[in-house]
Amino acid sequence: MNNIYDETRFLMKKYNITANKSLGQNFLIDDDTVEDIVNASEITKNDLVIEIGPGLGTLTKELLERAYKVIAIELDTRMLQILNDRFFIYNNFEVINEDVLKVDLKKIIRTREE
């Protein structure tokens, strides 16, 4: 894909996805914004990143390139196939299908550190 906007349109069409406004979904479509977020985070290969609501995985893709591990917590079951299809080649990716408000984040971090 040429840019994030085109990639997002492609994924939405391929998987017949529209943003679910009741879940507050909005998709990142600006390359500069994604770059700014990732650069500002100063993530290194030693970091565990917990991404809440990865959606189509636009930011996830960049996080996976920099972090030791990315755990994506996604409530919308429609996004699971997309995330798993996109990132199956990464051994530092995990997706949890839960409401982040019901997830014990401390337990996730402890389990990964053991």
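The values are calculated or read from the model by the stated rules, or taken from the named source; none is laboratory data. Keep in mind it's a predicted model, so treat the numbers as computed, not measured. Positions of Cβ are backbone-derived with ideal geometry, glycine not excepted, and every protein chain shown enters the neighbour counts.
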message: Show the residue pairs meeting these rules: Cβ distance below 9 Å; 6+ apart or different chains; first residue within the range 1-13 and without any contact (Cβ under 8 Å) to a residue 12 or more places away in the chain; second residue of a type in the set (S, T, N, Q).
response: M1/T8
- request: Identify all residues within the range 70-99 that are of a type in the set (V, I, T) and within 13 Å of the chain's Cα centre (by Cα); write none if there are none.
  value: V70, I71, I73, I82, V95, I96
query: Do you know which residues across the range 45-59 are in contact with a strand residue (DSSP E or B) (Cβ under 6 Å, 6 or more places away or on another chain) and either under 20 Å from Y5 (Cβ atoms) or free of Cβ contacts under 8 Å to residues at least 40 places away in the same chain (or both)?
result: V49, E51, P54
- prompt: Mind checking which residues of the range 87-100 are out of contact with any strand residue (DSSP E or B) (no Cβ under 7 Å at 6 or more places or on another chain) and at pLDDT below 95?
  reply: D99
